[in-house]
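Single-structure report; data block below.
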Amino acid sequence: MNIGLFTSVYFNNIGNGFIDLGAEMAIREAISTMPEEAKIIKVSQCANFAASMGKTFMLKENCVVNWLWTHIMQNFANRLHDRSYQAVSTLDVFSAASMFHFDYLIIPGCVLTVPFFTIYGKLLEDKIAQGCKLVFLGASGNYYTDYEINFVTQYLEKLNPYAIMTRDAVAFQHYSKCSSNVYNGIDNVFFVNKLEIPKLDSIYSSYDVVNIEEPKHKKTKEILVKELRGKGRKIIYSNHKPFPYTKISKLVKQNDFLISDYPLDYLLLYRNVDTVYSDRVHACIPTLSFGNKAVLYSDSPRKVLFESVGIEKIDGKPMQLEGLAQKQEAQIEFLKEILK
């Protein structure tokens, strides 16, 4: 059995790397007891993404456009984001994913979206025509607007995927009728604690991480840093966007600032942290999976990812996670059943 794992691109969000690593660990456990030999073959989404989005990202990295998007247009992202993809073409490009045959193609992460099906729809149709079964693992939408839900539903009905395993109850509610095998699960990043990332001694006795990147949270960040310093806490800063170098070359020259194009650098940081304060869900989730504390500063719809593991409120005070092992085992058992 050959299982393709359709991995994402990381330069615009290193959290995508956490998703892929967590998905891989869940799949490895699911196939570990199978009598038939099963192999995981990781193939990248990069080719289609680059072909479709290259010019767009070049434009977004322009200083003026980036400022406008970050400070103004992003406030209207739920209305502008998806409709902007009407200008993006679905291109048929060569890639390892298109070249090789798989019994299953597992697609992890936030992929029940307009951008994903706009960019990769043709490839997925080709894989089905080759006899491949599509499995969406730890999947969800972006904003759950009417436009997004209608677009995604139509695509799922066309593809008729073998299985849909969602990472939040909202996605399950909207798309559970689009496959005969459905599961209301948890985010793939909750599985990164299964990686062999050790507790290590560091040059600090203990430390907190501040990972607050959005301009609208600038004042919150300033107040938080002042409070932590007042308590004598050591602060490490992290940023989840490792490109372009014109930006990060300035950041890494600051003291105690971690940016890397290697996901495991971040996971090592979050494995050994005391508390993470972040406006990114995928700084908080790996931290919680390792048994450490996290606080989220965000009004993103992705906050529901924490409800899937029993955390109703993560934006008030540092939270820790209990009962994760049971959630993990249930998701792995479902994977075992469908990957027979």
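Per this entry, TYR155 is counted among residues that are over 28 Å from GLY323 (Cα atoms), in contact with a helix residue (DSSP H, G or I) (Cβ under 7 Å, 6 or more places away or on another chain) and modelled with pLDDT of 95 or more. Applying the selection to the range 128-140, what residues are crowded, with 20+ Cβ neighbours inside 10 Å and free of Cβ contacts under 8 Å to residues at least 60 places away in the same chain? Result: LEU134, PHE136, ALA139.
Note on the range 1-15: residues that are in a helix (DSSP H, G or I) and surrounded by fewer than 21 Cβ atoms within 10 Å (Cβ to Cβ) amount to 0.
Counting only residues that are modelled with pLDDT under 95, out of contact with any helix residue (DSSP H, G or I) (no Cβ under 9 Å at 6 or more places or on another chain) and on the phi > 0 side of the Ramachandran plot, the range 120-152 holds 0 of them. Taking interchain pairs and intrachain pairs at least six residues apart, which have beta carbon atoms under 6 angstrom, with the first residue in the range 172-183 and without any contact (Cβ under 8 Å) to a residue 24 or more places away in the chain and the second among the hydrophobic types (A, V, I, L, M, F, W, C) and open to solvent by 40 Å² or more (accessible area, probe 1.4 Å)? Here the result reads SER176/VAL182, each pair linking the range 172-183 to a residue that is among the hydrophobic types (A, V, I, L, M, F, W, C) and open to solvent by 40 Å² or more (accessible area, probe 1.4 Å). Looking only at residues of the range 193-203 that are of a type outside the set (Lys, Arg) and in a loop (DSSP other than H, G, I, E, B), we find that the one that is most open to solvent (accessible area, probe 1.4 Å) is GLU196. For the range 234-252, the criterion of being closer than 30 Å to GLY4 by Cα, in contact (Cβ under 8 Å) with a residue 40 or more places away in the chain, among the hydrophobic types (A, V, I, L, M, F, W, C) and touching a Leu at 6+ places or on another chain (Cβ under 8 Å) is met by none of the residues. Would you check if there is a residue in the range 180-192 being under 26 Å from ILE248 (Cβ atoms) and surrounded by fewer than 16 Cβ atoms within 10 Å (Cβ to Cβ)? No: zero hits. Going by the structure shown, is ARG167 in contact with a strand residue (DSSP E or B) (Cβ under 7 Å, 6 or more places away or on another chain), of a type outside the set (Asp, Glu), surrounded by fewer than 20 Cβ atoms within 10 Å (Cβ to Cβ) and in contact (Cβ under 8 Å) with a residue 24 or more places away in the chain? The answer is no for ARG167.
Candidates PHE334, PHE243: the one that is hydrophobic (A, V, I, L, M, F, W, C), in contact with a strand residue (DSSP E or B) (Cβ under 7 Å, 6 or more places away or on another chain) and either open to solvent by 30 Å² or more (accessible area, probe 1.4 Å) or modelled with pLDDT under 95 (or both) is PHE334. Which residues, taken from the range 322-331, are open to solvent by less than 30 Å² (accessible area, probe 1.4 Å) and closer than 14 Å to ILE31 by Cα? Once the filter is applied, which keeps residues that are open to solvent by less than 30 Å² (accessible area, probe 1.4 Å) and closer than 14 Å to ILE31 by Cα, the range 322-331 yields only GLN331. Taken together, the residues in the range 311-332 that are over 21 Å from the mean Cα position of the chain (by Cα) and free of Cβ contacts under 8 Å to residues at least 24 places away in the same chain amount to 5.
The values are calculated or read from the model by the stated rules, or taken from the named source; none is laboratory data. From a predicted model like this one, the values you see are computed outputs, not experimental measurements. Here the Cβ is made from the backbone with ideal geometry for all residues, glycine too, and neighbour counts use every protein chain on show. SASA here: full protein model, heavy atoms, side chains in, ligands and nucleic acids out. Shrake-Rupley method; radii C 1.70, N 1.55, O 1.52, S 1.80 Å.
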